[in-house]
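The values are calculated or read from the model by the stated rules, or taken from the named source; none is laboratory data. All of these numbers come straight from a predicted model, not from anything done at the bench. Positions of Cβ are backbone-derived with ideal geometry, glycine not excepted, and every protein chain shown enters the neighbour counts. Ligands, DNA and RNA are stripped out before the accessible areas are found, and what is left, the full protein with its side chains, is counted by its heavy atoms. Shrake-Rupley method; radii C 1.70, N 1.55, O 1.52, S 1.80 Å.
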Amino acid sequence: MASDNSSLPAARWAQTGPRRAGELLRDGRTHERSGCMAEAVQCYEAAIQAAERDAERGTLAEALRRLGVVRHHQNESALARDLCERSYRMATEAGDSVLAAEALNALAGFDVESGLIASAREKFYRALELGRASAELRGRTEQNLGVLANIQGSLAEALSHYQQSLLAFESTGDDRGCAIAYHNLGMVSADQELWDDADRYYRRSFEIAESIGDIHLQGLGLLNHAEVHLARQRYEQAKQNAEAALGIFDQIGSKLDKADAYKVIGRAYRETGRHALAESRLRAAVELAVSTGSILSEAEASRELALLYQSMGRNQEALRLLNVAHRLFSRLDARVDLVDVSTKVHRLEDTYFAVVRDWGQSIESSDSYTFGHSERVASHALALAQELELDEEQQTAIRIGAYLHDLGKVRIPHEILNKPSALSPEEFRVIQMHPLWGLELLATVEFPWDIKPIIRWHHEKHDGSGYPDRLRGDEIPVNAQVICIVDVYDALTTTRSYRPAMTHAEAMIKIQECRHWWRPDVYQAFIRSVGRVSEAA
Ligand SMILES: [Fe+2]
Ligand SMILES: [Fe+2]
C-alpha cells in the first residue's frame, strides 16, 4: 500500500490545478485500503465532481459505487443506496455492463444486511448475468450467492456456488480468492458432515494462505479444521490446531477469533474428560465473547460450557447457562444475515432435552420400579399436547416439565418410595412434598418456558382433591393437567412395589372412574391420544 505512488498528499491539488477523475479515484482507493476513511470520502467526492465535469461516465460510475460502499460502512444506508443506484444507472448509460454488475453486487450486499434476502438474490443473479466478462467479479458474486444459500440452510446450493467461485478465481490466478473459496467449501462440507471433503478443502486453503502469507486466513483455516477433527474424534489433533490458531489470533489481536479458538480447545478437553482444563478454556471463551459484544459467540460458548457441566453432573449450572444461551439466541432471531440461527436454536433446544432427560433418568436409576417413567410421560404428554392443539412453546414446556416433574423425589427416603405395603399418613405427607422439593432444586434456575407450574401442580386435581395447594378447576394450568393424567396412566400400567402392572384396558377403566380429576377437554383428548401412542408402541 505504502509503495503505491498514486497516493499523494492532497496539497498537490493546489500545485497542479484540477486533477483527473481517474487519479482521484485511485487515491481514494489507497486511502480506503489503509483505513483513512475521511480522506477516501474526500477523494471519491472530488472524483465524482471531476468525472461529471469531464463526462467520464465509467469513472463516475465507479467513484459513485465506491463512495456508496464507504457510506454504507459509516451507517449512512439511504445515502449509500442512492449512490450505488446512481452508479448502476451511469454504468448502464455508458454501456459498461461489468460496472453495472458491480453496482448491483454492492446493492445486493446492502439488501442482505437489511434482511431483504429475496431481493439480494435477484440482484446477485443479475450481476452474474451482466458481469460475465469479468471472472474476478464472477468469483465474488458466486461467493456471495454461496453465503446467501448458506444463511438459508441450502447447503447443496451453497456448495455449488462456492465451487463456481473457485473456478472463477482460479482462472484469474487470484490466490487469495481461491484460499477463501476452499475455506468456504470446507465449512459447507463440514456442515453436511462430508468430513473427507472438508479435510481436503481446509488443507488446501491453509496451504494457499501460507504461501501468500495471509496469516488471518491461516488461523481461520486451522480453527475450522479443528472442528472437523473434533467431529472425527481426533481430539489431540483438534487441540493442536486450535492452539496454533489461538497463537495466530493472539499475534494479530483478534479477540473474537480467540474466543472461538478457546471454545474449540475447551471442547477437546471436555471430550477427553479433562474437566478442569475444559472449564477454564470455555470460561475464557465466554468472557472474551462478552468483551467483544458478539452475542452469537457468547451463546455458542455458553452452550458448550453447559454441556461440560452436564457431563460433570452439575445440572443446575448447565440449565442456567442454557437459559443464558437461549436468551442470547432470541435476541438474534431477527438477524437474517447470520448463518443459520434457526439451526443453532434447534440444537440448543435439543441440548435442553438432553440435559433434562439425563437428569430425570438419573433419579429413576435408583428406583427400578419407575425406570423409564419420565421418558414415557414425556412421549404421552407430547401426544396429548398435540391432540389439544397447544402451541409449540407449550409443547416444549410440557416435554421438559415431563422429564423434571418428579425431580423432588430424590429427597424421599428409599424405604418410603419403594414400600411394598400401604403408606402411613405421615409417609404420605413426605411423598406429597416432592413437587415443592423439585422447585427448591430448581430455585436458582430460570427457563425460557413455563416449567415450574408443571412441577408444582402436577398432582393437583380438577375437583380440588390434589396436592400441594389443593387448587381446583381452572386454577390449575392446562400444562400441569396434561402431565397429571399421563402420570397416573403410566403409574397404573407399570409394576409398583405394592402391586403388579395393569393392562391398558384395566388402566383405562380406572382412569374413567377418576375422570373428575381432570378438565373435561384434557380427559377427552387423552382418551383419543393414548390409544394412538400405545398402538405405535
Ligand atoms: Fe409426581
Ligand atoms: Fe410421576
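Just to confirm the number: angle between the C-alpha axis of helix 155-172 and the first principal axis of the chain, 0 to 90 degrees, nearest 10?
It is inclined by approximately 20 degrees.
Between the helical axis of 57-73 and the dominant principal axis of the chain, each derived from Cα atoms, what acute angle in degrees is found, rounded to the nearest 10?
The two axes meet at around 30 degrees.
I need the shape label for the range 109-196. Rule: rounded when a/c is under 1.5, else prolate if a/b > b/c, else oblate, with a, b, c from the alpha carbon gyration tensor.
It comes out oblate by the Cα gyration axes.
Report ³J(HN,Hα) in whole Hz for each residue of the range 474-486, in order, from the Karplus equation J = 6.51 cos²θ - 1.76 cosθ + 1.60 where θ = phi - 60°; Gly and Pro get x.
3J(HN,Hα) across the range 474-486, in whole Hz: 6, 5, 8, x, 4, 4, 6, 5, 4, 5, 4, 6, 6.
Could you rank Glu207, Glu475 by how accessible they are, 1.4 Å probe, largest area first?
Glu475, Glu207
Please calculate how many Å² of accessible area the range 28-71 carries per residue, with a 1.4 Å probe and no DNA, RNA or ligand atoms counted.
Here the residues of the range 28-71 average 42 Å² of exposed surface.
Treating cross-link reach as a plain straight distance, find the lysines whose alpha-carbon is under 23 Å from the alpha-carbon of Lys409, omitting any fewer than eight places away in the same chain.
The reachable lysines, counting only those whose Cα sits under 23 Å from Lys409, are Lys419, Lys452, Lys461.
For Lys239, give me every one of the aspartates and glutamates with a C-alpha distance below 13 angstrom, ignoring sequence neighbours fewer than eight places off in its own chain.
Glu227, Asp260, Glu271
Work out from phi, with θ = phi - 60° and the Karplus expression 6.51 cos²θ - 1.76 cosθ + 1.60, the ³J(HN,Hα) of each residue of the range 90-104, listed in order in whole Hz, and give x for Gly and Pro.
Using θ = phi - 60°, the values come out as 5, 5, 5, 4, 7, x, 9, 6, 5, 5, 5, 5, 4, 5, 5 Hz.
Compute log10 of I(q)/I(0) for the range 198-241 with the Debye formula, placing one identical point scatterer on every Cα and leaving out solvent, at q = 0.28, 0.29, 0.30, 0.34 Å⁻¹, to two decimals.
-0.91, -0.95, -0.99, -1.12
With labels modelled as points extended 7 Å from the Cα through the Cβ direction, what inter-label distance (nm, one decimal) is found for Glu122 paired with Glu415?
7.8
Provide the FRET efficiency to the nearest 0.05 for the Gln152-Leu256 pair, computing r from the beta carbons and using R0 = 22 Å.
0.40
Checking the cross-link filter: which lysines have an alpha carbon closer than 29 Å to that of Lys123, excluding same-chain neighbours under 8 positions apart?
Lys344
Given labels modelled 7 Å from the Cα in the Cβ direction, how far is it in nm from Thr172 to Thr92?
2.4
Give the calculated FRET efficiency between Arg232 and Ile527 to the nearest 0.05, with a Förster radius of 51 Å applied to their Cβ-Cβ distance.
0.55
With θ taken as phi - 60° and the coefficients 6.51, -1.76 and 1.60, list the Karplus ³J(HN,Hα) couplings across the range 442-454 in order, rounded to whole Hz; mark glycine and proline as x.
Taking θ as phi minus 60°, the curve returns 9, 4, 8, 10, 9, 10, x, 10, 7, 8, 4, x, 5 Hz for the range 442-454.
Which residues' amide hydrogens lie under 5 Å from the amide hydrogen of Arg496, considering only partners 5 or more residues apart or on another chain, with H built in the peptide plane?
Ala501
What list of whole percents do you get for P(r) of the chain, with Cα-Cα distances grouped in 10 Å bins up to the one holding the largest distance?
All Cα pairs considered, the percentages come to 4, 14, 20, 18, 15, 12, 8, 5, 2, 1, 0.
If you take the beta carbon distance between Lys510 and Asp463 as r and set R0 to 25 Å, what does 1/(1 + (r/R0)^6) give as a FRET efficiency, to the nearest 0.05?
0.95
Would you please put 27-37, 74-84 in order of how densely packed they are, using the mean number of other Cβ atoms within 10 angstrom per residue and starting with the highest?
Per-residue mean Cβ counts within 10 Å order the peptides as 27-37, 74-84.
Treating the angle as unsigned and between 0 and 90°, give the value, to the nearest 10°, between the Cα long axis of helix 315-332 and the longest Cα principal axis of the chain.
40
Normalized C-alpha radius of gyration of the range 163-221, against 2.2 N^0.38 Å?
Expressed relative to 2.2 N^0.38 Å, the Cα Rg reads 1.03.
Given labels modelled 7 Å from the Cα in the Cβ direction, how far is it in nm from Thr343 to Glu76?
3.8
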